Amino acid sequence: MRQAPIVIAVYATLAITLGGQWIAAKLGVTAVPALELSTMRFAISAAVLVAACAITRTPVPLQRWRPIAAAAVCGVLGFNTLAFVGLSLTPASDSALIIPTTIPLATALFATLIHERLTSRKLFGFAVASLGAALVIVGGQQGGSESSASRLAGDLMELGAATAWAASLTIGAVVLRKETVLGYVTGMVLIGTALLLPLGAVQQGYRDVPTWSADTWLAAGFLGVFSTAVAFVLFFWAVHRYGASLAAMVTYLTPIATLVLAFLILGERPLPLQLVGGAVIVVGVRLAARRSRAALGQAPVTI
């Protein structure tokens, strides 16, 4: 019970930082190339995380570079390439609903490979939530816009991004059995940044970076500091404490935060069927999250 306020604070912070990333990213990709923005996001995050390791004297587990590199390929290169390019084709509200609702099911399936139990109740809950995600995607196609084909392509990219992130969470669950969260995340982000650098140079070669507006730098800064450095550390803290599949369910909090932010900042209005899908998602995650308190265990908290 003494950990309850910490858990609530962590999950609330994650909802805001993960929800806000789609608003900041949407604002950024309308002004600069998507992959360039994604690369800059991780470059900023890498600087913040290296400084945090230096201040706290936390070592980066370089001896575990192989699994960390695999996590970077999935969770940084794969996730961000698909997510940011997809975001340039689909509204932020679609991205914020599709990715958070797909990650838990994909993670639960991947986690069975590392012997995390997939109960029938959890599986049913994920199935219901996935139905809600499908309604979100179908609902987005009812807008009658000429760009519906592009929107569908963007939605499919977001599904691929969610699968890549789920794979990264599963790898992280294994590495974090022996390593600190901060050291692991720093290593993953450093490798991921190196992998993204060539892709970010494809369109403009970074020649336009000096001309970025203050708003674009603000978006990149929010993405790098809060939606990456802070969010990744908190996310993998949850993975370390509760396991990959249960921690992934924190992403179900993201759509609520993002839809509100998208409405207030971008003026995007979710379509009726998307709202129905959101309600189905809530029911599904409630079913999937139900488990005995004893099952939560007493895993140590190591940041």
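The values are calculated or read from the model by the stated rules, or taken from the named source; none is laboratory data. Not measured: the values here are computed from a predicted model. FYI the Cβ positions are ideal-geometry reconstructions off the backbone, even for glycines, and counts take in every protein chain you see. The accessibility values were calculated without ligands, DNA or RNA, using every heavy atom of the protein model including side chains. Shrake-Rupley method; radii C 1.70, N 1.55, O 1.52, S 1.80 Å.
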inquiry  = For T254, only one of the following conditions fails: (1) touching a Pro at 6+ places or on another chain (Cβ under 6 Å); (2) modelled with pLDDT under 70; (3) of a type outside the set (K, R). What is its number?
reply    = (2)
note = Log entry, pairs with first residue in segment 261-275 being within 16 Å of K26 (Cβ to Cβ) and among the polar types (S, T, N, Q), second being surrounded by 14 or more Cβ atoms within 10 Å (Cβ to Cβ) and at pLDDT below 70, beta carbons closer than 6 Å, six or more apart or on different chains, reads none
query = Taking into account only those residues within segment 31-57 that are closer than 17 Å to N80 by Cβ and hydroxyl-bearing (S, T, Y), which is modelled with the lowest pLDDT?
reply = S38
task = Return yes when A134 is open to solvent by 20 Å² or more (accessible area, probe 1.4 Å) and at pLDDT 75 or above and no when it is not.
result = no
query = Of all the residues that make up segment 197-254, how many are farther than 20 Å from A31 by Cα, open to solvent by less than 10 Å² (accessible area, probe 1.4 Å) and not hydrophobic (A, V, I, L, M, F, W, C)?
reply = 4
ask   = Of the residues L89, L62, which is modelled with pLDDT of 75 or more and either crowded, with 17+ Cβ neighbours inside 10 Å or within 22 Å of V250 (Cα to Cα) (or both)?
value = L89
